[in-house]
Structure formats: C-alpha cells, structure tokens
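Q: Can you read through this structure? Questions will come right after.
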Amino acid sequence: MDFLKQLGLSAENFGCSTGQEWLKRTDAGVLEVESPVDGKKIAKVYQCSEEDYENTLEKATESFKIWRKTPAPKRGEIVRQIGLKLREYKDPLGRLVSYEMGKSLQEGWGEVQEMIDICDFAVGQSRQLYGFMMQSERPYHRMYEQYHPLGVVGVVTAFNFPVAVWSWNAMIAAICGDVVVWKPSSKVPLSAIAVQHIVAEVLKENNLPEGIFNLVIGRGNTVGERMLHDKRVILVSITGSIEVGCHANEVVAKRFGKIICELGGNNAIIVTPEADLNLTIPAIVFGAVGTAGQRCTTTRRVIIHESIYEKVKESLLKSYQSLKIGTPLEVKNHVGPLIDKEAVKMFTKAIQKVKREGGTLLYGGNVLEGDGYESGCYVVPAIMEVKNDFPTVQEETFAPLLYLIKYSGDVQNAIDIQNDVVQGLSSAIFTTNLREAETFLSAWGSDCGIANVNIGTSGSEIGGAFGGEKETGGGRESGSDAWKFYMRRQTNTINFGKELPLAQGIKFEI
C-alpha cells in the first residue's frame, strides 16, 4: 500500500529509536502485525530488548540535561514544526491508523488532526508556563511559585488511539522541557514507528540531539515493567484497563514516582423528557459505535425517562438498522472491525452474560462472516435492555454494546443511576431544561471527570483537560492546566532587606 511507503515503513521494521537513530537488535522477538480490516499481515516489527531499553534511557537522561536548558518558546518552535510535518502526512498516517487499528477513515484522519491541534495548543502554552506571586508576611520579602522541567516522562498508550494519546502527553511534556519514552500497544506498533519517522525529520532539520523523543516497542512484562520500576522515569502516563492501572499505581508509588492513569469508562447519557431527540439520537449512536465501541469515552449506558423510553428505543433501533458495517477505508461505512478476534469473543461473551443476568437483546450481537469480513473481527453493534445493577453492566465491555436503562421521577434519580458504577470518566445529559442541566453539572450531579450537556460522551476537544475520577484513574492530560503534571513545582522566597525576620513572628537571637 502506498501509504506504508510514504511513512517510511517496510516489510521489516525496528521497534526501538532514540530520535533519529534506530537500535537494530533482532533477538528480542518479532511482532507480526495483522490488520483487523482484512486479516492480512502488514509488516514485521523487531521488539526492543532490555539492553535496547537501557541504552534508550541513558540517551534520554543525557538529552534531558540539554533540553531543559532550551528556552520554552524555542521548545515550542520544535513542536510547531512537528505540527506542520503532521499536516503533510495527515492523509497517509490517517489511513495507516485506520488500517492497522480498524477505526473508520474519518476517525483515522480525525486522530491525526487531534495531534495537529495539540501541537498548536502546546506552542501557545510554551509561552504560558506561569507561576504565581504571593504576599509575604515579612517586610522586604518576595514570595512566588515557579515550575521547572520534570525529567524523563514515560508514555504507555493503548491500541484504540494509536497516536493521538501519545501526542497529548509528548507535546505538552516537550514544551515543559521533558524528554519522552513512548511504549505503544504491541497491537498497533506501525503507527508509532510512522510517527517516530515524522518526528525524526524535524529533529534532523534542527540538528537536535538523540533522546528527546524515544520509542520502545516491546513486551509489557519486560520493557513495560522496567519502565514502571525505573526511578529515572519520573512520571508515567498510562492508558489501559483498571487492572493495569492498579498495578502501575502500586509499582510507581513504591518508588515515589508520579503517575497519570486514564483507565476504564462506563459512560452514560441521560435522556430526560425535555431532550431534543434530533440531537440526542445521533449523539448516542456515534458515541456507542464510533471506533466500534473501543473508546474509553464510548457511550455504554443510556438512562432514559420512562415517559419517552419507547420512543427513544424505537429511534435507536431504526438508526442501528441503517448502520453500514465494513472496511473502514471506505468513507461511507460507519463501523469497522474490532481490534482482533479476542475482542470479538469478549463482545459475544458479555452479551451472553447479560442475558443470564436478566437482560434482553434488542438488536445485533452477531459476528459477521463471508465476503468483506474475512478477518473475523466484524460484529453487528448490539443494544440490550438491562438494569444498572447487573454485574456485567457494572463493568466496561470494550466493544459496541449499548445498554438501555429506564428511570422514573426527577433527574436526580437518573444521576444517581449514572454515578452508581466504579468508573468516572465521561457523562452527558440531553435536556432543554436549565434546572436539569445545572443539577447535572452541580456538586451533587455527575461525578465524572467530563460532564457534557447536549453533547455526547465521546469526542473531546484538546483544549480541555482529559481524565476521570474513581477507578478511571487520576490526573489529567491534554489541555487546560494539565501541563502542571509534567513539571515540578517550586516555592521561592527572596529577602531583599537588611534584616532576617522569621515567619510566624519567631524570635531567634545569637
């Protein structure tokens, strides 16, 4: 395929890079990358060995000493150039993301656009790494806060967003003066290698040292574990399951490192009697089937008032019947494949479990076979009627499985149902009633890190900080003041007087 060549990919690729240099060991195992779109093998990737990892960390540590002395606006200039380079490669990189991961081509292009957008955001932020002035109680004293570069930042990304989540972290970390070591999912390594090639062009054009942007593709129990335990990696930003996050938190906390976790989401949309259904139905459908239900912000539960329940249900069923399922490289198709056959098994098992728990399958749930579906990764998105307290409904099933839940009474009852799960990432309400909307956004409303009104749960802009509460993890990525997570905070006090008064009026004479 032409886009593979455009991105510098070949039949055999190396999975470890310190910027422009590729470490070319071949004895740590090889990944055979297969597309869920057609089941065909795309290319091979030689994995990073423990020795490669050590060489990479040494290079990153040395590079940090140089990069942190570079003025932040100059670091922003490098990020600006990366954004320009991504614009040049938007089409082929978007096609690769779509083909390797399985999301629609529109979403593949959109993911690259998200990278471009965060570059633009970070460039501006590079001139806004501000501190605060505080008033000192002592005369002739000035007290303020400032932020300094943190060090080596480890970024562990999941398969569902092969490149965008890396950029959220890497571009912000870069303008903050940090260096980045990226461990992508082994299910989508080619997208990461392609990005590394693109970034390398900018590094080379600016004569920058190795070790600012690093890539380590390898097994979680070798390279991944080493990163978690490595005291040189000051901050680890990790995207994955709740189980993965629990383990990472425990390991990193023991060495007093910093961690950002973006874990599971069990996201709900509340539909009240005063909802505008012309907005509501498309938002639910895209939220539920976009990326074949494999987003952390995917809509998994719809909590509908009993007075409009049947109307909403019928509208959703009609919309689902019009979905086009097929190769994501065709723009007309709405739904592509799941990432692999294991994901398909998880999807079908979840449906069976919910049935045993008392749920009713209203639509879909079958695995597609035959012409165009040879990979075995295509399914028909499912809709089920359930109760919120079903054990499987309480979990996150990473697939296009949508639960319909009925509520009665006022909006607080719906909010209580929404909040009655262990996850707390994204949430939404559809209503034209100001009181309902403000209740949803109040301190006694949604307990999620993201709460939207008349917008679905899926599809966040990079300007806002991204992240969740409860077992979704902690910390924030991307916009707003998320940059503070990538820097160390320092309080400074300067005495410019001729005496040495002590705080709290303490007297000490010698």
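Q: Output the number of the condition that PHE132 fails; it satisfies all remaining conditions of (1) of a type outside the set (D, E, K, R); (2) surrounded by fewer than 17 Cβ atoms within 10 Å (Cβ to Cβ); (3) in contact with a Lys or Arg (Cβ under 7 Å, 6 or more places away or on another chain).
A: The one condition PHE132 does not meet is (3).
Q: Now for a different question. For the range 192-208, name all the residues that are open to solvent by 10 Å² or more (accessible area, probe 1.4 Å) and part of a helix (DSSP H, G or I). Spell out the reasoning first.
A: At the first step, the residues of the range 192-208 found to be open to solvent by 10 Å² or more (accessible area, probe 1.4 Å) are 197, 200-201, 204-208.
Residues satisfying the conditions are HIS197, ALA200, GLU201, LYS204, GLU205.
Q: Check the range 184-191 and report whether any residue there is farther than 23 Å from GLY265 by Cα, aliphatic (A, V, I, L, M), open to solvent by less than 10 Å² (accessible area, probe 1.4 Å) and part of a loop (DSSP other than H, G, I, E, B). Before you say what the answer is, go through the steps one by one.
A: Applying the first criterion (farther than 23 Å from GLY265 by Cα) to the range 184-191 yields 189-191.
Now restrict to residues that are aliphatic (A, V, I, L, M): 190.
Add one more test, that the residue is open to solvent by less than 10 Å² (accessible area, probe 1.4 Å), and what stays is 190.
Filter again for part of a loop (DSSP other than H, G, I, E, B), leaving none.
The answer is no; no qualifying residue exists.
Residues checked against (1) assigned to a loop (DSSP other than H, G, I, E, B); (2) within 28 Å of VAL33 (Cβ to Cβ); (3) in contact (Cβ under 8 Å) with a residue 24 or more places away in the chain:
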residue	(1), (2), (3)
TYR53	no, yes, yes
THR56	no, yes, yes
THR70	yes, no, yes
ILE78	no, no, yes
TYR99	no, yes, yes
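Q: Has the range 26-34 got at least one residue that is out of contact with any Cys (no Cβ under 8 Å at 6 or more places or on another chain), in a helix (DSSP H, G or I) and open to solvent by 70 Å² or more (accessible area, probe 1.4 Å)? Steps first, please.
A: First, pick out the residues of the range 26-34 that are out of contact with any Cys (no Cβ under 8 Å at 6 or more places or on another chain): 26-27, 29-34.
Right, trim to in a helix (DSSP H, G or I) and you get none.
For the range 26-34, residues out of contact with any Cys (no Cβ under 8 Å at 6 or more places or on another chain), in a helix (DSSP H, G or I) and open to solvent by 70 Å² or more (accessible area, probe 1.4 Å): absent.
Q: Which of the residues that make up the range 211-244 are surrounded by fewer than 18 Cβ atoms within 10 Å (Cβ to Cβ) and either over 24 Å from GLY102 (Cβ atoms) or of a type in the set (S, T, N, Q) (or both)?
A: ASN221, THR222, GLU225, HIS229, LYS231, ARG232, SER241
Q: Given the conditions (1) of a type in the set (D, E, K, R); (2) at pLDDT 95 or above; (3) surrounded by fewer than 17 Cβ atoms within 10 Å (Cβ to Cβ); (4) touching an Asp or Glu at 6+ places or on another chain (Cβ under 8 Å), and given that GLU12 satisfies all but one, which numbered condition is not satisfied?
A: (4)
Q: If I filter the range 160-177 for residues that are surrounded by fewer than 24 Cβ atoms within 10 Å (Cβ to Cβ) and farther than 21 Å from MET101 by Cα, do I get at least one hit?
A: yes
Q: Still on this structure, I have one more. Considering only residues that are within 23 Å of the chain's Cα centre (by Cα) and acidic (Asp, Glu), look in the range 375-427 and name the one that is nearest to HIS334 (Cα to Cα).
A: Among those residues, the one meeting the criterion is GLU396.
Q: Which residues, taken from the range 344-367, are over 16 Å from GLN294 (Cβ atoms) and either at pLDDT below 95 or among the polar types (S, T, N, Q) (or both)?
A: Listed by number, the residues that qualify are GLN352, THR360, ASN366.
Q: So, of the residues in the range 271-287 that are among the small types (Gly, Ala, Ser) and touching a Gly at 6+ places or on another chain (Cβ under 9 Å), which turns out to be least open to solvent (accessible area, probe 1.4 Å)?
A: Only one residue fits best here, namely GLY287.
Q: Tell me which residues, restricted to the range 442-498, are out of contact with any helix residue (DSSP H, G or I) (no Cβ under 8 Å at 6 or more places or on another chain), basic (Lys, Arg) and under 28 Å from GLY124 (Cα atoms).
A: LYS484, ARG488, ARG489
Q: State which residue pairs qualify: first residue without any contact (Cβ under 8 Å) to a residue 12 or more places away in the chain and within 15 Å of ALA399 (Cβ to Cβ) and inside the range 345-361, second residue open to solvent by 60 Å² or more (accessible area, probe 1.4 Å) and part of a helix (DSSP H, G or I) in any location, beta carbons under 6 Å apart, and separation of 6 or more residues or different chains.
A: none
Q: Scanning the range 135-156 for residues that are closer than 16 Å to LEU235 by Cβ and not aliphatic (A, V, I, L, M), which turns out surrounded by the fewest Cβ atoms within 10 Å (Cβ to Cβ)? Quick ask: steps written out before the conclusion?
A: First, pick out the residues of the range 135-156 that are closer than 16 Å to LEU235 by Cβ: 147-156.
When the remaining residues are screened for being not aliphatic (A, V, I, L, M), the result is 147-149, 151, 154.
Values: TYR147: 18, HIS148: 13, PRO149: 23, GLY151: 22, GLY154: 29.
Ranking the qualifying residues of the range 135-156, first place goes to HIS148.
Q: Filter the range 298-331 down to the residues that are open to solvent by less than 10 Å² (accessible area, probe 1.4 Å), under 23 Å from GLU107 (Cβ atoms) and not small (Gly, Ala, Ser) and list them by number.
A: Residues satisfying the conditions are THR298, THR299, ARG300, ARG301, VAL302, LEU316, TYR320, PRO328.
Q: Quick one: which residue in GLU395, GLU385 is touching a Ser or Thr at 6+ places or on another chain (Cβ under 6 Å) and open to solvent by 30 Å² or more (accessible area, probe 1.4 Å)?
A: Numbers: GLU395 fails: touching a Ser or Thr at 6+ places or on another chain (Cβ under 6 Å).
On inspection, the qualifying residue turns out to be GLU385.
Q: On to the next question. Which residues, counting only those in the range 465-510, are open to solvent by 70 Å² or more (accessible area, probe 1.4 Å), closer than 19 Å to ILE238 by Cα and part of a loop (DSSP other than H, G, I, E, B)?
A: GLU471
Q: If you check ILE281, ILE242, which single one turns out to be out of contact with any Cys (no Cβ under 7 Å at 6 or more places or on another chain) and at pLDDT below 95? Walk me through it before giving the result.
A: Numbers: ILE281 fails: at pLDDT below 95.
Only one candidate passes the filter, namely ILE242.
Q: If only one of GLY287, GLY211, GLY218, GLY265 is assigned to a loop (DSSP other than H, G, I, E, B), in contact (Cβ under 8 Å) with a residue 24 or more places away in the chain and within 24 Å of GLU469 (Cα to Cα), which one is it? Break it down into steps so the answer makes sense when it comes.
A: Values: GLY287 fails: assigned to a loop (DSSP other than H, G, I, E, B); GLY211 fails: within 24 Å of GLU469 (Cα to Cα); GLY218 fails: within 24 Å of GLU469 (Cα to Cα).
The match here is GLY265.
Q: So LEU338 fits all but one of (1) under 28 Å from the mean Cα position of the chain (by Cα); (2) under 24 Å from ARG95 (Cβ atoms); (3) open to solvent by 70 Å² or more (accessible area, probe 1.4 Å); what number is the exception?
A: Of everything listed in (1) under 28 Å from the mean Cα position of the chain (by Cα); (2) under 24 Å from ARG95 (Cβ atoms); (3) open to solvent by 70 Å² or more (accessible area, probe 1.4 Å), LEU338 misses just condition (3).
The values are calculated or read from the model by the stated rules, or taken from the named source; none is laboratory data. Remember, predicted model here, so these are calculated numbers, not experimental data. Don't worry about glycine lacking a Cβ; one is built from the backbone with ideal geometry, like all the others, and counts go over all protein chains shown. Accessible surface areas use protein heavy atoms only, side chains included; no ligands, DNA or RNA. Shrake-Rupley method; radii C 1.70, N 1.55, O 1.52, S 1.80 Å.
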